[in-house]
Amino acid sequence: MTDGFMGPPWQMDWRLSALAYLEALPAEVRDLVYAVRSELITVKDPYFRGIDADEGLPDGIKVRPARCTEPKGRHICYFGHGNGWLKFVFVPRVEDPQIVVEELFWLGTEPAEAPPTEE
């Protein structure tokens with residue numbers, strides 16, 4: 001236990017339904033989710049507040065508040081260029097701050113296949 005507010009890396013907890021959904025996703029999509037997780041647990045402010053909020057995020061990832069009237073409430077992290085999202089809330093407790101993933105969703109889009117060639 002430390003004195004004062006702890007900093008990153010943050011703990012991340014998952015609702016059972018979100019964790020089950022994650023485990024059912026294809027491996028390449030799970031890798032995207034793990035990249036998002038890595039970004040969220042290592043950043044100073046998981047809500048990415050500020051003017052250039054998404055500046056340090058990898059391409060295809062954006063974090064937005066679920067409701068603009070609640071900037072410290074639930075947030076949505078869009079990933080895979082909008083094909084998936086992760087709803088989370090950051091609980092900034094002094095002794096055990098953590099990110100709680102409430103919902104995970106993937107649109108299920110597959111990469112486009114090349115049309116068959118005519119012989």
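The values are calculated or read from the model by the stated rules, or taken from the named source; none is laboratory data. What you see is a predicted model, and the numbers here were worked out from it, not measured in a lab. Positions of Cβ are backbone-derived with ideal geometry, glycine not excepted, and every protein chain shown enters the neighbour counts. Note: accessible area is taken over every heavy atom of the protein model, side chains too, but ligands, DNA and RNA are not part of it. Shrake-Rupley method; radii C 1.70, N 1.55, O 1.52, S 1.80 Å.
General remarks:
- Here the Karplus curve 6.51 cos²θ - 1.76 cosθ + 1.60, taken at θ = phi - 60°, turns the phi angles of segment 17-26 into couplings of 5, 5, 5, 5, 5, 4, 5, 8, 6, x Hz, with x standing for Gly and Pro.
- Sequence of Thr42, Thr69 when ordered by accessible area, the most exposed leading, probe 1.4 angstrom: Thr69, Thr42
- For segment 67-102, the set of trypsin sites (Lys or Arg not before Pro) satisfying both a DSSP loop assignment and a count of at most 13 other C-beta atoms within 10 Å is given as Arg67, Lys72, Arg93.
- Candidates per GluC sites (Glu not before Pro) in segment 20-108, loop by DSSP, up to 11 other Cβ within 10 Å: Glu55, Glu95
- Net length gained if the chain between Glu23 and Arg64 were fully extended (0.36 nm per residue, minus Cα distance): 12.3 nm
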